[in-house]
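Input: a single structure, listed below in structure tokens.
Read the figures in this text as sums done on the coordinates, not as results from a lab. Here the structure is a predicted model, which is why all the values come from computation and not from measurement. Don't worry about glycine lacking a Cβ; one is built from the backbone with ideal geometry, like all the others, and counts go over all protein chains shown.
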Amino acid sequence: MATKCIITGVPGVGKTTVITGALTKLEEMGVHYANISFGSFMFETALAEELVRNRDEMRLLGKDDQKSLQRKAASAIATIDGNVIVDTHASVKTPKGYLPGLPEWVLEALMPDLFVLIETDEDQILGRRLGDPSRVRDMDSYRALASHQSFNRAIAAAYAMKTGCTVAIVTNADLLLDRAIDDLAGLLE
Ligand code: AMP
Ligand code: MG
């Protein structure tokens, strides 16, 4: 049976790093997953439609533009067979509030078996955002970040209610990346 896994975490938590590590480990064990970035699917369309210049501008677009890009990405990703990991966001922080990363029509297209939240302490996330010149990260306060991580847990529960997927939390703490990679690989093997 193929596994559909959604992996989420606030920007800067180290999602992509943990996923890459877990996939390398799984490949060594002969387990293969397609690694799909939801944001890259959205960005390809956003560029073609000349809506943005970089991927970090997408969360500042109007709600309707973001939802239209989201819908197109979901239907493209839904056609991919076999074990799939979708690297995405439980919610996106926009100027108008949190936008659900997986509204009903996205969930119905993707129908995940497993939903993963990658988390760590807010001070660690703030430090990582400051140290990443490759992206235009929001410089949130500690409290704003805590509120976003807590909203993401709440909305993950709603996603589980809708699909029956399990929800797992993986902690990606400073100096303990190996543990996060092992934990994620253990969920996917
Ligand atoms: P990432 O590289 O994962 O941070 O994704 C880049 C951008 O893609 C995010 O900042 C969002 O604007 C957008 N994005 C990714 N996943 C979703 C989603 N499920 N729903 C809406 N926007 C998303
Ligand atoms: Mg990433």
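Every residue in the stretch 170-179 that is hydrophobic (A, V, I, L, M, F, W, C) and loosely packed, with under 15 Cβ neighbours inside 10 Å, please.
Selection gives 173, 175, 176, 177.
With the condition kept exactly as written, say whether any residue in the stretch 24-33 is among the charged types (D, E, K, R), within 15 Å of ligand 2 (Cβ to nearest atom) and crowded, with 17+ Cβ neighbours inside 10 Å.
Checking the stretch 24-33: not a single residue is among the charged types (D, E, K, R), within 15 Å of ligand 2 (Cβ to nearest atom) and crowded, with 17+ Cβ neighbours inside 10 Å.
Against the conditions (1) surrounded by 15 or more Cβ atoms within 10 Å (Cβ to Cβ); (2) basic (Lys, Arg); (3) farther than 21 Å from residue 16 by Cβ, where does residue 55 fall short? Just the number, please.
It fails just one condition, (3).
Taking only pairs six or more apart or across chains, which ones have beta-carbon atoms under 6 Å, a first residue in the stretch 1-28 that is over 14 Å from residue 186 (Cβ atoms), and a second residue that is basic (Lys, Arg) and buried (at least 21 other Cβ atoms within 10 Å of the Cβ)?
9/15
Quick grid of which residues meet (1) in contact with a helix residue (DSSP H, G or I) (Cβ under 8 Å, 6 or more places away or on another chain); (2) touching a residue at least 40 places away in the same chain (Cβ under 8 Å):
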| position | (1), (2) |
| --- | --- |
| 35 | yes, yes |
| 39 | yes, yes |
| 45 | yes, no |
| 60 | no, no |
| 68 | no, no |
| 85 | yes, yes |
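From the residues in the stretch 73-102 that are near ligand 1 (Cβ under 8 Å from one of its atoms) and part of a loop (DSSP other than H, G, I, E, B), which one is surrounded by the most Cβ atoms within 10 Å (Cβ to Cβ)?
102
Looking at this structure, is residue 138 more than 14 Å from the chain's Cα centre (by Cα) and within 15 Å of ligand 2 (Cβ to nearest atom)?
The answer is yes for residue 138.
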